[in-house]
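What follows is a single structure, written as structure tokens, with notes after it.
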Amino acid sequence: MAVAGLIFSNIHDSSIPEMTTVRTMASVPFGCRYRLIDFPLSNMVNSGITKIGIVAHNNYQSLMDHIGTGKDWDLARRSGGIKILPPFITAYESTGGAKLYTTRLEALMGVTHFISRCNEEYLVISDCDGICNIDLSEVIDSHIERNADLTIVTRRLSPSEADIKDITAIASDESGVVTDASAYAKGITGSEVSTNIMVVNRMFLLGALRDAAAHGYRHFFKDLVSRRIGRARIFSYLYEKTFIHISSLESYFSSSMKLLDPTVRAELFNVDNMPIYTKLRNSAPTRYSAGSKVINSYVADGCVIEGTVENCVLFRGVRIGKGTVVRNCVLLQDTFTGNNVSLNCVITDKNAVICDGRMLSGHSSMPFFIPKGAMV
Amino acid sequence: MFRNKECVAMLLAGGQGSRLYALTETNAKPAVPFGGKYRIIDFTLSNCVNSGIDTVGVLTQYQPLMLNEYIGNGLPWDLDRAWGGVKILPPYQGKNGADWYKGTANAIYQNLQFIDRYDPEYVLILSGDHIYKMDYDKMLDHHKKTGADCTIAVIDVPIEEASRFGILSVDDEGKIFKFTEKPKNPDSTKASMGIYIFTKKKLAEYLCADAEDPSSSNDFGKNIIPNMLAAGEKMFAYPFSGYWKDVGTISSLWEANMDLLGENPVLNLDDEEWRIYSRHEAHAPQFVGESAVIENCSITEGCEIFGTVRNSVIGAGVKIMQGASVIDSVILEDVVIESGAEINYSIIDGGSSVGKDCKIGECRETAKDICVIGANIKVPDGTVVGAGAMISKASDLNKEGK
């Protein structure tokens, strides 16, 4: 069945401002060698989707650099492939204060031309703040089988996420028909929430977008979905495997640490026939020196480790100097630590430099963040 | 209409590499894995691209399946080009019959048509079985500056090893006046690296003449170079210094892998200026467990290490279980080493598994030779395989094992 994909690269940028001042949510690095968009992109490619639009908003230079022609996802195609959809503003409107979209619905309305020019019957829509390795073809099959207009993939919140904000609670009956979609509030709504991965009939979506434009609706769940509950065929699809939601710097840290759990790694990275693809960097293998000591860590290629590393996630090209001890840290690409450095619960952004002898520590509930290119 | 290419590279990749035994049982030598995530041919292909040469003919003959698949459309090396790029050139059937490539010169002779398609002025001849980083563009500059008909890259070798190589004698200006293939009493230490640049016209002339000569063994070192020298053509040596290793034997392949280790590796692949490209599978990052001990190792994507690993090079997707130990060894991709297994001074080829409590190879200090386990062999629990054993199929284990 012909399906196209649509990925929102910027929605939720504000949930992790430390890292998104220099990039989109989509291009936030995660898991040693990936960027968040690699997960929805790979999920789509693995379910046979070869035409994917990426809705951009601002700051998308890092995103374009990461995606390139799309060949690392086998999406450098003459027909289909990846299309980055930049925001559309005309010069004439600028005096009247032309605005970039602020909601999911406005973003969708901004790419109506892409949606209307697809000839696929279905669209899979996804955000970038959810990390999972989901077989979308199963969701699509269920969508078709139930003759649905819209299928929302849902998950159950874990107890540690009880206070989460900016997420939509989905209530549905035993046959999966959605009966309510509302802002999640602890203790008031149920704990089944939207992953913001959805399958939708393209013509249904186009009709709904026209209707939303005519009525001046602004919100996808509050307006477009809620007003159609009971009138359209809207279903939920509960996903029960590993799903990591990044909603803050603290959750970025704890999510990274979850990668040290074998079940999480198996369900994200070692699923048969469902690899996660990313931009290749052709780094050399990682070199562990004679005096190095590494345990319980997830390490990318291109690192040189001469010190001690415990419970860490190291990205490509990280250098750990002699006598340096790094515990419970997430060190992004090309972080350089000198000799006799001590780090605990620290997140460093790309190209950070920690000079000889520095000692830094955060706490797992409040990791210490060192911005891109900073020198300590 | 496309532009012509100034220089076309022809990469000889048809050799069997019989001295690599089990490793080339079903694989051509250039496709033998190296350094965890590379194959030998990655070095020459990357050198070409980094030197600005974008048209490379790869001449294949022996067991080409893996090599063909590996090279594919050339995408990993940026050699998927609209015009040029990498092309696989197997022997073919012509109007006057079919022939295998009879020698290195004959292989190029049979593909003169391919070279002519790009109308190049120069042809670079390479072999796919050396590990080195070299800027061919500098060599081409040298070739142009001297106005040579043929330029041969040379490297200084210790005099005691010189008899293993083609040895060149040159005058003060670098002009070659003598060439001897594997001399018994070498009078120079300048060894040919098997890298030649020819002015295309001259090359075609000598290849055609050589093809007419029934007594010729159609080889560059034995025929073309001596013939050109005898005829007084302008031939220059291009001196190269830097890392260069022929990995044609088990021990040299092992040594070259070990050259990646240490504080300042002799062979540095972590080089932004001269990247070595390779074809990647989408492996996850490497995971190092609580029980792991890693000292002086090179480890790559997809590995899961729970055991002890010392002085070793570990390929992609290898699993080393808790209680296993791997010392002074080269483990190729997707090998599984079960708990209690001890691997010493060995090379284990891709896809094999070593069962619990196996003893493979012997301690490097006492062992006389490297132990080799071929590809996709399941070594049963408790097997003992001695130093120097060459296991190319599971049934060899019964003979060797105790």
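The values are calculated or read from the model by the stated rules, or taken from the named source; none is laboratory data. From a predicted model like this one, the values you see are computed outputs, not experimental measurements. FYI the Cβ positions are ideal-geometry reconstructions off the backbone, even for glycines, and counts take in every protein chain you see. Protein only, heavy atoms only, side chains kept; ligands, DNA and RNA dropped before computing areas. Shrake-Rupley method; radii C 1.70, N 1.55, O 1.52, S 1.80 Å.
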Restrict the check to segment A:206-215 and report whether at least one residue is in a loop (DSSP other than H, G, I, E, B) and either open to solvent by 40 Å² or more (accessible area, probe 1.4 Å) or among the aromatic types (Phe, Trp, Tyr) (or both).
no
B:Val49 passes all but one of (1) under 18 Å from the mean Cα position of the chain (by Cα); (2) more than 14 Å from chain A (Cβ to nearest Cβ); which number fails?
(2)
Within segment A:302-337, how many residues turn out to be open to solvent by 40 Å² or more (accessible area, probe 1.4 Å) and aromatic (Phe, Trp, Tyr)?
1
Report, by residue number, each residue of segment A:263-277 that is more than 7 Å from chain B (Cβ to nearest Cβ), polar (S, T, N, Q) and assigned to a loop (DSSP other than H, G, I, E, B).
A:Asn273
Given (1) open to solvent by less than 10 Å² (accessible area, probe 1.4 Å); (2) of a type outside the set (Gly, Ala, Ser); (3) more than 14 Å from every other protein chain (Cβ to nearest Cβ), A:Thr21 misses just (1)
Starting from residues that are facing chain B (nearest Cβ under 7 Å) and among the charged types (D, E, K, R), keep the ones in segment A:283-301 and report whichever is most open to solvent (accessible area, probe 1.4 Å).
A:Arg287
Would a scan of segment B:226-239 turn up a residue that is of a type in the set (Ser, Thr, Tyr), away from every other protein chain (no Cβ under 14 Å), outside any loop (DSSP other than H, G, I, E, B) and without any contact (Cβ under 8 Å) to a residue 40 or more places away in the chain?
no
Quick one: which residue in A:Leu332, A:Leu260, A:Leu280, A:Leu314 is touching a helix residue (DSSP H, G or I) at 6+ places or on another chain (Cβ under 7 Å) and within 14 Å of chain B (Cβ to nearest Cβ)?
A:Leu280
With the checklist (1) assigned to a loop (DSSP other than H, G, I, E, B); (2) crowded, with 24+ Cβ neighbours inside 10 Å; (3) of a type outside the set (D, E, K, R) in hand, flag the one item B:Ser339 doesn't pass.
(2)
Tabulated pairs, segment B:247-267, first more than 11 Å from chain A (Cβ to nearest Cβ) and within 16 Å of B:Leu332 (Cβ to Cβ), second part of a helix (DSSP H, G or I) and open to solvent by less than 10 Å² (accessible area, probe 1.4 Å), C-beta under 6 angstrom, 6+ apart or interchain:
B:Val247/B:Leu253; B:Val247/B:Ala256
Subset of segment B:279-299, residues part of a loop (DSSP other than H, G, I, E, B) and more than 7 Å from chain A (Cβ to nearest Cβ), comes to B:Arg279, B:Glu281, B:His283, B:Ser291
Can you tell which of B:Arg19, B:Arg39 is farther than 26 Å from B:Leu140 by Cα and in contact (Cβ under 8 Å) with a residue 12 or more places away in the chain?
B:Arg19
Can you spot a residue in segment A:159-170 that is open to solvent by 10 Å² or more (accessible area, probe 1.4 Å), hydrophobic (A, V, I, L, M, F, W, C) and more than 30 Å from A:Lys258 (Cα to Cα)?
no
Residues in segment A:192-203 that are in contact with a strand residue (DSSP E or B) (Cβ under 8 Å, 6 or more places away or on another chain) and open to solvent by 40 Å² or more (accessible area, probe 1.4 Å): how many?
1
For the condition modelled with pLDDT under 95, part of a helix (DSSP H, G or I) and of a type outside the set (Asp, Glu), what is the one hit in A:Ser226, A:Ser256, A:Ser247?
A:Ser226
Mind listing just one residue for me: the one in segment B:307-328 that is of a type in the set (A, V, I, L, M, F, W, C), in contact with a strand residue (DSSP E or B) (Cβ under 7 Å, 6 or more places away or on another chain) and crowded, with 20+ Cβ neighbours inside 10 Å and, of those, farthest from the other protein chains (Cβ to nearest Cβ)?
B:Ala324
Would you confirm whether any residue within segment B:306-315 is under 22 Å from A:Asp72 (Cβ atoms), in a loop (DSSP other than H, G, I, E, B) and either at pLDDT 95 or above or within 17 Å of the chain's Cα centre (by Cα) (or both)?
yes
Among the numbered conditions (1) within 14 Å of chain A (Cβ to nearest Cβ); (2) within 27 Å of the chain's Cα centre (by Cα); (3) under 30 Å from A:Lys322 (Cα atoms), tell me where B:Asp334 comes up short.
(3)
Among the residues of segment A:142-175, write down those that are over 14 Å from A:Ser191 (Cα atoms) and either among the basic types (Lys, Arg) or assigned to a strand (DSSP E or B) (or both).
A:Arg146, A:Leu150, A:Thr151, A:Ile152
